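What follows is a single structure, written as C-alpha cells, with notes after it.
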Amino acid sequence: MINPMSLEQMVWIALGSATGGVARVWMGGLITTLVVSPFPWATLAINVLGSLLIGLGSVWIESSTVRFLGIAGFCGGFTTFSTFSMEAWLLLRKGAWSNACLYMAASVALCVAAVMAGAALGRLVRNW
C-alpha cells in the first residue's frame, strides 16, 4: 500500500532535492575542473559522499521533517545514479571496458561502504 504524503512533506522533499541538485552540479563542476580525466571522478565522489550522508542521516536524524528534507530531498537530488549509469554506458560504448568495470565496481563498493561508515559515524555522534 502506498503511504500518502502531506503537502508539507512534499515541500520539504522538493526544497531538499533542489538544494541537492544545485550542490551536485556545483561539486561536479569543481571536481571536473580540478581533476581532468576521462574517468568520471566527479560522479563517483558525489555518489560516495551522498552515500556517506544518507548513512549518517539514517541514524542521526530523528525528526521526520529533517529526514524528508535531508535524506529523501537533499541526498536524492545530490546523488547521481542516472548519471552514473549514463557514464558507465558511455565508457562501455567507447570500448573502455576496464575503466567501465572499475567505475561500476568502485561506485557500488565505495557507496555501500560509505553508507555503512555514515551509519557508524551517526551512531558514534548520537551516543557521544
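The values are calculated or read from the model by the stated rules, or taken from the named source; none is laboratory data. All of these numbers come straight from a predicted model, not from anything done at the bench. Counting neighbours? That spans all protein chains shown, and the Cβs are built from the backbone with ideal geometry, glycine included.
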Would you say M116 is in a helix (DSSP H, G or I) and within 15 Å of the chain's Cα centre (by Cα)?
yes
Considering T19, T33, which residue is polar (S, T, N, Q), part of a helix (DSSP H, G or I) and within 25 Å of A117 (Cβ to Cβ)?
T19
Taking region 79-107 and keeping only residues that are exposed (fewer than 13 other Cβ atoms within 10 Å of the Cβ) and within 26 Å of W26 (Cβ to Cβ), one is left with S82, W89
Could you say whether any residue in region 94-101 is part of a helix (DSSP H, G or I), over 22 Å from E8 (Cβ atoms) and among the polar types (S, T, N, Q)?
yes
Is at least one residue of region 60-67 over 15 Å from the mean Cα position of the chain (by Cα), at pLDDT 90 or above and among the acidic types (D, E)?
no
Among (1) part of a helix (DSSP H, G or I); (2) modelled with pLDDT of 95 or more; (3) over 27 Å from S6 (Cα atoms), there is one condition R24 misses while meeting the rest; what is its number?
(3)
Search region 107-120 for residues that are closer than 14 Å to N47 by Cα and pair each with any residue that is of a type in the set (F, W, Y) and in a helix (DSSP H, G or I) when their beta-carbon atoms are under 6 Å apart and the residues are at least 6 apart or on different chains.
S107/F84
